[in-house]
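This report refers to the structure that appears directly beneath it.
Only the coordinates and a few stated rules stand behind these numbers; no lab work does. Quantities reported herein were computed from a predicted structural model and do not represent experimental measurements. Here the Cβ positions follow ideal geometry from the backbone for every residue, glycine too, while neighbour counts run over all protein chains shown.
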Ligand code: PMP
């Protein structure tokens, strides 16, 4: 261990849950409801399943290292050039590629308190200095983040909406921010939950790249497109940024099934719309429950709701687990009084609500 880089020795491994089947065995419950990882409760689109089936026979071959068809489809959809796209094994992969391309041990990387855990992770892995700027109303304090920029700053991560808080920055706020960020700093705008944001509220982030070549937009197929298990994400950038990222990218970092599924998912607008609709209804269901119970929650633009449950969030998490409902404690995000609940199907949300009511009645 002494031989490892200092930044790596100080890291904590990503806290992943146990396999569901294992948990069911341990707890003696069946039909666990998992509302813990912001996944799509509708599962995989039937069109994706069909496309995957057809690919199986060809899996002895390497995938297309350049993701030609997927990049073409994304370029067409977003009105950019394929040369502006970098594909990743999930969007986490492109976030890491960005850090490895631009950040060295001498640099500082800025992100917000309560922001997505992968930002400090990729920063520390390089041995760079993470600068966590205190949040404002659980969200990004853009003025404070600007004030934190120094000569050594190389990257600013912004999650919009943010996970685990669900907070959201308006297009005006972001645009004003981008105008003030010095050109030696790359702004990584992580839009993993973009598809859940109401169309009228979305920032034209990809269009802004022409004006701000230091802007990177990352997106994923893990959430609204329902492909978390396959790992498919991408960054849209100035072509020069994509060129550099592609020099260090592993040639086959998106596998053939992920490429195929992403193509099919992109073409299935109906499934996407249904996913967003189910999320909208489920969000209303959970918000109504919180309002009725007098529970504070952080208004969310994502596919999850982070609820203030009191001093013993960890204890409540355990009790919910024993009733067969998995949610996510967010203590590691400096939110020790909250639990994050992913939006599920109506019946799954109801299982969470029923478990909460039952636990309250037991107290
Ligand atoms: N960014 C944010 C804000 C996220 O919440 C997540 C998923 N938890 C990701 C990126 C990464 O998702 P993936 O690697 O599955 O694309």
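Determine the percent antiparallel among the DSSP beta bridges restricted to the chain, to the nearest 5.
Within the chain, antiparallel bridges account for around 50 percent of the total.
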For residue 281 and residue 66, calculate 0.36 nm times their separation in residues minus their Cα-Cα distance, and state this gained length in nm to one decimal.
-> 73.6 nm
Can you quote the Å³ per residue value for the convex hull of the Cα atoms in segment 22-115, rounded to an integer?
-> 249 Å³
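Could you compute Rg(Cα) / (2.2 N^0.38 Å) for segment 299-363, with N its residue count?
Numbers: Rg = 11.3 Å, N = 65, 2.2 N^0.38 = 10.7 Å.
Here the answer is 1.06, to two decimals.
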Residue 173 versus residue 202: modelled label distance in nm, points set 7 Å from Cα along the beta carbon direction = 2.0 nm
Can you quote the Å³ per residue value for the convex hull of the Cα atoms in segment 166-205, rounded to an integer?
-> 76 Å³
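Working from the alpha-carbon coordinates of segment 46-268, get Rg over Rh, Rh being the Kirkwood radius.
Numbers: Rg = 17.2 Å, Rh = 17.8 Å.
Radius of gyration over Kirkwood radius for segment 46-268 works out to 0.97.
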Measure out, as a whole number of angstrom, how far apart the alpha-carbon centroids of segment 234-274 and segment 105-151 sit.
-> 26 Å
Between segment 163-211 and segment 63-91, the Cα center-to-center distance that results, in Å | 20 Å
Within segment 148-184, backbone nitrogen closer than 15 Å to the virtual label 7 Å beyond the Cα of residue 210 toward Cβ | none
So what's Rg/Rh here for segment 227-280, counting alpha carbon atoms and using the Kirkwood radius for Rh?
-> 1.08
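Between residue 125 and residue 350, what FRET efficiency comes out of the Förster formula 1/(1 + (r/R0)^6) with R0 = 41 Å and r the beta carbon distance, rounded to 0.05?
It comes to 0.50.
Using r as the Cβ-Cβ distance of residue 311 and residue 151, and R0 as 35 Å, what FRET efficiency do you calculate, to the nearest 0.05? Show your work: numbers first, answer last.
Values: r = 43 Å, r/R0 = 1.22.
About 0.25, to the nearest 0.05.
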Inter-label distance, nm, simple model (7 Å from Cα along the C-beta direction), residue 59/residue 8 = 3.0 nm
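Using per-residue counts of other Cβ atoms within 10 Å, averaged over each peptide, order 10-17, 168-175 from highest down.
Numbers: 10-17: 9.9, 168-175: 16.4.
Most protected by this proxy first, the peptides run 168-175, 10-17.
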Given Cα pairs under 8 Å that are at least 6 residues apart, what percent is the relative contact order of segment 46-268?
-> 29 percent
Between residue 361 and residue 137, how many nm apart are label points set 7 Å from Cα along the C-beta direction?
-> 3.7 nm
Can you give the extra length, in nm with one decimal, that the chain gains between residue 37 and residue 292 once fully stretched, where that is 0.36 nm per residue apart less the Cα-Cα distance?
-> 89.3 nm
How big is segment 17-64 by Rg and Dmax over its Cα atoms, in Å?
-> 16.1, 45
